[in-house]
Amino acid sequence: MRVYQLNTCGGVKSTGRIALDIAHLVEAQGGKCRIAYGVPGVPDGFDHLFYRMGTPLERKVHGALRKLLDAEGYGSRRATRRMIKDLSAFSPDVVHLHNLHGCYVNLQMLFDFLSELQRPVVWTLHDCWPFTGHCAYFDYAACDRWKTGCRHCPQQRSYPPCFGLDGSARNYAHKRKLFTSLSNLTLVTPCEWMRQPLSSSFLSGYPVRVIPNGVDLTAFCPTQSDLRKRYDVGQRKLVLGVASEWDERKGLRYIAQASERMGEGYLFAAIGVEPGQLEGLPGRVLGLRRTQSVHELAQWYTAADCLVNPTLEDNMPMVNLEALACGTPVAVFATGGCPEAVDETCGKVVAKGDVEALCGAVAALCERKPVDACLLRAKRFDSRRTYESYVRLYEELCT
């Protein structure tokens with residue numbers, strides 16, 4: 001089995017790690033895998049798996065098109081042409097798409113080629129961007145224009161950010177034409193929640209599989225460290241929040257509010273905070289920069305008494321699964337696929353935006369920290385188990 005994957009990131013961040021885990025599984029079973037990516041940075045020792053698309057200048061030009069003309073996916077023609085040559089030379093049995101936003105691929109060229117290639121295409125929808133005219137999620141804006149035709153986007157400055165012309169109507173029409181042009185496309189969602197909006201979108205005619213995100217239990221596992229001593233946690237309960245980027249929808253403000261309400265017996269730590277966000281954090285919130293070190297993340301998850309994930313819109317966040325795999329319970333808002341990650345033995349789900357309920361959930365989970373229940377729950381999301389479903393899907397599509 002030969003599988004060619006495309007994703008914004010290569011082996012880092014959540015979607016990059018998912019692509020890399022799938023590649024490892026394919027190769028462990030005697031197949032070959034290649035991952036084309038656009039954003040710099042891959043884990044050491046795996047260069048043979050990756051193909052870097054474009055140059056920094058090409059991404060900047062593409063980024064300028066996005067910021068000024070809302071033209072995500074309209075640039076990177078040279079980078080895409082070269083990737084297509086690499087893909088053709090690899091001669092895949094299956095092409096597996098992940099995130100196509102991120103200013104690294106030309107959508108028209110890619111889908112024209114895939115139509116000609118006539119090989120099975122699997123597309124994992126890590127967010128809602130494939131069937132909207134602009135945004136990655138629409139819950140926060142309570143917008144349903146994506147059902148009939150985007151226009152006058154209320155989230156134009158949200159990811160992927162545009163500060164110029166509103167291109168949502170054009171983008172919607174372009175995506176609808178391109179993304180429904182394939183006759184051999186199978187969609188995958190990482191959670192059951194995603195089925196509902198997808199069934200109301202212009203992609204509703206394609207078959208859909210639900211394959212949960214998986215976590216590498218050999219990397220994310222109870223990992224001892226001196227973090228509690230280093231940061232003088234003492235007898236306080238350590239409450240952790242993790243995000244690759246704390247934008248508005250990720251809910252950093254709820255962590256700040258919870259820290260002020262819960263008092264001196266708790267220390268909150270937020271990983272992924274940018275320098276400009278540090279000034280606005282209360283004294284009981286430890287702001288830390290983003291890390292790409294899986295080992296360091298596992299240390300933080302293990303040291304924490306609870307993970308709090310106050311995201312307001314999301315699909316199936318990996319941080320929830322990673323924390324469970326390190327024996328740490330999770331408190332979440334009832335958002336997207338978050339409730340599907342936990343049960344009553346290892347986490348709590350509260351109403352979106354309810355800070356009082358979130359504080360109560362954090363207090364209860366910190367009081368008992370059910371390590372064994374968390375580890376048991378994490379086994380449901382063992383990447384060796386969940387991503388085996390991708391291999392079976394590839395084989396099914398190729399027969």
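The values are calculated or read from the model by the stated rules, or taken from the named source; none is laboratory data. A quick note: this is a predicted structure, and the numbers were derived from the prediction, not measured. Cβ: placed from backbone, ideal geometry, glycine included. Neighbour counts: every protein chain shown. Side chains are part of the model used for accessible areas, which takes the heavy atoms of the whole protein and leaves out ligands, DNA and RNA. Shrake-Rupley method; radii C 1.70, N 1.55, O 1.52, S 1.80 Å.
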| request: Determine the share of the chain's accessible area contributed by carbon and sulfur atoms, expressed in whole percent, with a 1.4 angstrom probe. | output: 50
| field | Where chymotrypsin sites (Phe, Trp or Tyr not before Pro) fall in DSSP loop in the stretch 201-231, at most 16 other Cβ within 10 Å | value | Tyr231
| query | Using the alpha-carbon atoms, what tilt in degrees (0 to 90, nearest 10) does helix 294-303 show relative to the longest principal axis of the chain? | reply | 30
| note | One finds the C-alpha centres of the stretch 213-264 and the stretch 107-178 to be spaced, in Å, by 33
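Grab the eigenvalues of the alpha-carbon gyration tensor for the stretch 104-163, scale each by 5, take roots, and send me the semi-axes largest first in whole angstrom.
Output for the stretch 104-163: semi-axes of 26, 13, 11 Å.
Please tell me the relative contact order of the stretch 286-390 in percent, rounded to the nearest whole number, where contacts are Cα pairs under 8 Å and at least six residues apart. Walk me through the numbers on the way to the answer.
Numbers: 160 pairs, mean separation 26.9, N = 105.
So the answer I get is 26 percent.
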| request: With N denoting the number of residues in the stretch 181-246, provide Rg(C-alpha) divided by 2.2 N^0.38 Å, to two decimal places. | output: 1.88
| request: Counting other Cβ atoms within 10 Å, keep those with at most 11, restrict to DSSP loop, and tell me which chymotrypsin sites (Phe, Trp or Tyr not before Pro) in the stretch 86-152 are left. | output: none
| Going 7 Å from the Cα of Ser225 toward and past its Cβ, which residues in the stretch 265-308 have a backbone nitrogen under 13 Å from where you end up? | 269-272, 288-305
| said: Could you give each residue of the stretch 104-120 its phi-based ³J(HN,Hα) in whole Hz, using Karplus coefficients 6.51, -1.76, 1.60 with θ = phi - 60°, and x for Gly or Pro? | reply: 9, 9, 8, 5, 4, 5, 4, 6, 4, 5, 4, 5, 6, 5, 6, 10, x
| message | Filter Lys147/Lys250; Lys13/Lys348; Lys13/Lys175; Lys67/Lys250; Lys250/Lys348; Lys229/Lys250 down to the pairs with a C-alpha to C-alpha distance above 20 Å, please. | response | Lys147/Lys250; Lys13/Lys348; Lys13/Lys175; Lys67/Lys250; Lys229/Lys250
| request: For the stretch 135-260, compute Rh as the Kirkwood radius over C-alpha pairs and then the Stokes-Einstein diffusion coefficient at 25 °C and 0.890 mPa s; write the answer in µm²/s, rounded to an integer. | output: 131
| request: Would you please calculate the Kirkwood hydrodynamic radius of the chain over all C-alpha pairs and express it in Å, rounded to one decimal? | output: 21.7
| request: Order Lys250, Lys237, most accessible first, counting only protein heavy atoms with a 1.4 angstrom probe. | output: Lys237, Lys250
| task | Could you check what % of the DSSP bridge pairs in the stretch 210-353 are antiparallel, to the nearest 5? | result | 0
| field | Whole-percent pair-distance distribution, where bins are 5 Å wide, for the alpha carbons of the stretch 91-200 | value | 2, 11, 21, 25, 20, 13, 6, 2, 0
| request: List the relative contact order of the chain as a percent without decimals, with contacts defined as Cα pairs under 8 Å and 6+ residues apart. | output: 14
| message | At 0.36 nm per residue, and after removing the present C-alpha to C-alpha distance, how many nm does the segment from Glu27 to Lys379 gain when stretched out fully? | response | 124.5 nm
| request: Enter the angle in degrees (range 0 to 90, nearest 10) between the Cα long axis of helix 355-368 and the first principal axis of the Cα atoms of the chain, meaning the one along which they spread out most. | output: 70
| message | What whole-number distance in Å separates the alpha-carbon centres of the stretch 1-67 and the stretch 274-301? | response | 26
| field | Diffusion coefficient, µm² s⁻¹, Stokes-Einstein with Kirkwood Rh over alpha-carbon pairs of the stretch 261-318 at 37 °C and 0.692 mPa s | value | 252
| query | Ignoring ligands and nucleic acids, what accessible area does Glu367 show with a 1.4 Å probe (Å², nearest 10)? | reply | 140
| note | Given 37 °C, 0.692 mPa s and a Kirkwood radius over Cα pairs, the Stokes-Einstein diffusion coefficient of the stretch 298-398 in µm²/s is 234
| note | Taking every alpha carbon pair in the stretch 11-92 and sorting the distances into 10 angstrom bins from 0 up to the bin holding the longest one, the percent per bin comes out as 16, 41, 33, 9, 1
| request: Mind putting together the pair-distance distribution for the stretch 59-143? All Cα pairs, 10 Å bins, whole percent per bin, short to long. | output: 16, 44, 31, 8, 1
| said: Using C-alpha positions alone, give me the convex hull volume of the stretch 228-366 per residue in cubic angstrom. | reply: 98
| Cleavage-rule hits (GluC sites (Glu not before Pro)) in the stretch 214-274: DSSP loop, at most 14 neighbouring Cβ within 10 angstrom | Glu245, Glu264
| Where only protein heavy atoms count, and the probe is 1.4 Å, what is the accessible area per residue for the stretch 21-133 in Å²? | 39
| request: Can you pull the one-decimal nm distance between simple spin-label points at Glu264 and Asp232, each 7 Å off the Cα toward Cβ? | output: 1.3
| note | Taking Cα atoms only, Rg over Rh for the stretch 237-287 with Rh from the Kirkwood formula is 0.92
| √(5λ) per eigenvalue of the Cα gyration tensor, the stretch 1-148, largest first, Å | 25, 17, 16
| Net lengthening on full extension, Arg392/Glu356 (0.36 nm per residue, minus Cα-Cα) | 8.5 nm
